[in-house]
Structure formats: C-alpha cells, structure tokens
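Engineer: Attaching a single structure in structure tokens format; questions to follow.
Please treat every number below as a calculation from the coordinates, not as lab data. All of these numbers come straight from a predicted model, not from anything done at the bench. FYI the Cβ positions are ideal-geometry reconstructions off the backbone, even for glycines, and counts take in every protein chain you see.
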Amino acid sequence: MQRYFIDPGQFGDETVSISGEDARHISKVMRSKPKDKLIVSDGASREALVEIVEILPQQVSARIVEQLEGSGEPRVHVTIAQSLPKGDKMEIIIQKCTEIGAASFLPFLSERTVVQYDQKKEEKRTARWRKIAKEAAEQAHRSKIPAVVPPVSWKSLLAELPEHDLVCVCYEKEHGLQLRDVLKPFAEKMQSQNHGGAPRVLIAIGPEGGFTEHEIGQLEAAGAVSVGLGRRILRTETAGMAALTCIMYESGEMGER
C-alpha cells in the first residue's frame, strides 16, 4: 500500500489533506480514485490508514479509517557520517541506507575529499538529498524520514562524536578489530544497562581515498573505535551500507529474536 509523509498540520481529527508533489503523484502517477486507501504519517507521532474522498489537481482529501502504530523504525539510532564522495554516490548512499534503517546522515569534509565544496550550491543539493530520503522512507514503509544535514567541517564532525553511545570508523587498514567484535559486546552492554531510548551509533566512512592516519588518530582520540569490514576493500558507497546492515542484524532488525 502506498505511503506518504505529510506535515502535522495536514492531519485533522477525522480527515487529512495531501498537497503538492504528493497530491500530483497520487492523481497522475498512481491514478488513484476516491475510496482507494493510503497510509499517511507525520513523521513523528501520527500514522493512519486513510480512504480518499476527493482528488483535485493540487490537493487530495481523505478520511481517517484507522489510527496506526508506526512499526518501521529500528531499535537503534544509526547515523551515517559520510565524507563527501564524487558524483551522485551520496544520493545512492542516502537512498539505500534509508531503506536499510539509517536514522540520519552527516556528510562531512576530510583531507582526501575530492568534491569541490560550493556553499552556494549546498542548499539545492541538500534539498535533493532530503527528497531522496523521504521517497526512500516511503518506499521502505518507515515511520520517520531520516535527517539529512548540509556537509559539515572536520572539526564539527569530531565535536559530534560524544553525542553517541558508540562510534565506529570503518578503516581499510584495520586488520585486528572487526565490526562484529565491537557490535556484540555493545548490544549486550545496552541490554544489561536497560538503555533508555534507542542506542545512538555513528558509523564514519572515509572518501574514495580513505582516511589519513592523522585523521584516524584524531577520531580515536575523540572516542571512536577503528574497525575493519572483513578481508575485502569496499568502495566508499558500499562501506556504509555493509556496516549498517551488520548493525541492523546484530540488533535483531533482520528478524525477531
């Protein structure tokens, strides 16, 4: 069943109003008709099964059939901190990691970042990233849209690390400690401490050329743990997806335990 995110103000007591691109998608792409059913969410606290009442060119009105309890969010809050990659790789990372279960994205600049940072273009690019996250969240039946912020500096990334319960840096030269070695004891620790709220994990991924040894040292000094992802070298756009999948599996998100 098709799912759409709407602003909280579009929710009424008994009806909802869907406008803009979503209304056009319902009428022109899906060719929906009155009495067809949809799922709508405000991305926070309300989610409902609704039945279309009226379809206009710029607005769709529907009545609430049933209030739903959102169940599409993981039990662990994972932030993908990604050094800006070349081309459209960031779009792929956001799309696929949203489907897998990432809660937020933190693009950043590092020593080997190749992309030329243009602040004038950032607003437009960030808006596109957020649109991709929204569409991927709808497709994956998420209850919330992952947060996507504009690229931050290296200094800002380091300042963000203490806000998380676990920070892992995926480093291709790490041949000792592996991600699995860190995730199992972390999951056990969170369970034994009866952690209030979703545990917060940050996964840091370097650019195409990887992190420098100096950067790894700074990350570890700020509380991060350097981990490997096995014996194979992964591309920058693959590493985050692989690490996130491991976290989802280890936390029970790939099937109830």
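Engineer: Sorting C97, C170 on the 10 Å Cβ count, fewest up front, what's the list?
Structural biologist: C170, C97
Engineer: Turning to a different aspect of this structure: Among DSSP bridges having both ends in the stretch 3-67, what percentage is antiparallel? Round to the nearest 5.
Structural biologist: The antiparallel fraction comes to roughly 85 percent.
Engineer: In addition: Based on Cβ point charges of +1 for Lys and Arg and -1 for Asp and Glu, what charge dipole magnitude is obtained for the stretch 3-67 about its Cα centre, in debye rounded to the nearest 20?
Structural biologist: 380 debye
Engineer: Within a 10 angstrom radius of the beta carbon, how do V152, V182, V50 rank from fewest other beta carbons to most?
Structural biologist: So the residues, fewest neighbours to most, are V152, V182, V50.
Engineer: Under the 0.36 nm per residue contour assumption, what length would be gained going from the current alpha-carbon distance of A222 and R63 to full extension? List each step's numbers first, then the result.
Structural biologist: Details: separation 159, 0.36 × 159 = 57.24 nm, distance 5.07 nm.
Residue separation times 0.36 nm, minus the Cα-Cα distance, leaves 52.2 nm.
Engineer: Using a 7 Å offset from the Cα along the Cα-to-Cβ direction at both H214 and E123, what is the distance between the two label points in nm, to one decimal?
Structural biologist: 3.4 nm
Engineer: For the stretch 77-250, build the charge dipole from Cβ charges (+1 Lys, Arg; -1 Asp, Glu) around the Cα centre, then report which of L234, H141, F105 sits farthest towards its positive end.
Structural biologist: H141
Engineer: Helix-only estimate, please: 222 nm mean residue ellipticity of the chain, summing -39500 (n - 2.57) across DSSP H runs of length 4 or more and dividing by its residues, to the nearest 500.
Structural biologist: Working: 7 runs with 83 residues, N = 257.
It comes out at -10000 deg cm²/dmol, rounded to the nearest 500.
Engineer: Along Cα→Cβ, 7 Å out, is where each label goes; now give me the distance between the ones at W154 and T245 in nm to one decimal.
Structural biologist: Simple spin-label model gives 3.1 nm for this pair.
Engineer: Using Cβ counts within 10 Å as a stand-in for footprinting exposure, how do L68, L229 rank, fewest first?
Structural biologist: L68, L229
Engineer: If you put +1 on each Lys and Arg Cβ and -1 on each Asp and Glu Cβ, how big is the dipole of the chain around its Cα centre, in Debye rounded to 20?
Structural biologist: Roughly 660 debye, rounded to the nearest 20.
Engineer: Please give the FRET efficiency for V53 paired with K131, using the beta carbon to beta carbon distance and R0 = 35 Å, rounded to the nearest 0.05.
Structural biologist: Here the calculated transfer efficiency is 0.80.
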